[in-house]
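Scroll down for the structure; my scribbles are underneath it.
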Amino acid sequence: MYLFNRGILLIGLIVFVQGELFAQNYLILQKGANQKSRIIYEVGDEIIYLQKGNDYYIKDIIREIDKEYIALSENVLSLKQIEALDIRYKDERNQTLANLTYLPFAGGGLLLLAGGINSLADDGNLQYSSGVLATAAALIGTGFIMKSIRYKKFKVGGKRKIMVIRKTELE
């Protein structure tokens, strides 16, 4: 029984130490307490950031995330040095907006196609009514407007903060 208890204790200690050794830190971008809009970076992800004092964004790959710094392939960066991040390709909400952008474009194109086919079938020549052209133009214009409202930058400050969280804290 004594050997059995020591074995369980040893296995428990190994699992605990292994979990701490292999726990990964994540870089979290969050506005206020809203966890739904979190953007999560991990080791190996590409990051595009604006460093304080620079006028240009730098693209790099994350090699290590620590509570005080981020080790990148070309730079070591303190969290306090980050002024803004380009999140065009990282934010999942942009993927939804990109998919929704195609709907008005497709609707406008389909309306033009159907109007053209109807005019060819009726009159034998291609002509559009003003209502078809106005509706198609409105749909295509809506697509362009929706394309421009995607989330582009995450500026640090105020309610917007950058945090480093361990994997166990994230779940």
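The values are calculated or read from the model by the stated rules, or taken from the named source; none is laboratory data. This structure is a prediction, so every number in the text was calculated from the model and none was measured. Areas reflect the complete protein model, heavy atoms only, side chains present, ligands, DNA and RNA absent. Shrake-Rupley method; radii C 1.70, N 1.55, O 1.52, S 1.80 Å.
Carbon and sulfur together cover what percent of the accessible area of the range 73-169 at a 1.4 Å probe radius? Working shown, then result.
Numbers: 3770 of 6470 Å².
C and S fraction of accessible area: 58 percent.
Quote the relative contact order of the range 33-140 in percent (integer), defining contacts as alpha-carbon pairs under 8 Å separated by 6+ residues. Before the final figure, lay out each step's value.
Details: 119 pairs, mean separation 19.2, N = 108.
Contact order relative to length: 18 percent.
Just to confirm my numbers, what's the Cα centroid distance between the range 94-131 and the range 134-152 in Å?
Each part's Cα centre sits 14 Å from the other's.
For the range 93-149, just the Cα set please: Rg and Dmax, both in angstrom.
Every Cα atom of the range 93-149 included, Rg and Dmax give 13.6, 46 Å.
Quantify how much of the Cα-Cα distance distribution of the range 55-112 extends past 13 Å, in percent.
Details: 1201 of 1653 pairs.
The proportion of pairs with Cα distances above 13 Å equals 73 percent.
Please report the relative contact order for the range 93-149, taking Cα pairs under 8 Å with a sequence separation of at least 6, and give it as a percent rounded to a whole number. Intermediate values should be presented prior to the final figure.
Numbers: 45 pairs, mean separation 28.0, N = 57.
Relative contact order, the range 93-149: 49 percent.
Quick one: what Rg and Dmax do you get for the range 116-159 from the alpha carbons, in Å?
19.7, 63
Give the accessible surface of the range 93-149 per residue, rounded to a whole number of Å², with probe radius 1.4 Å and ligands, DNA and RNA excluded. Before the final figure, lay out the partial values.
Numbers: 3690 Å² over 57 residues.
Using a 1.4 Å probe on heavy atoms only, each residue of the range 93-149 averages 65 Å².
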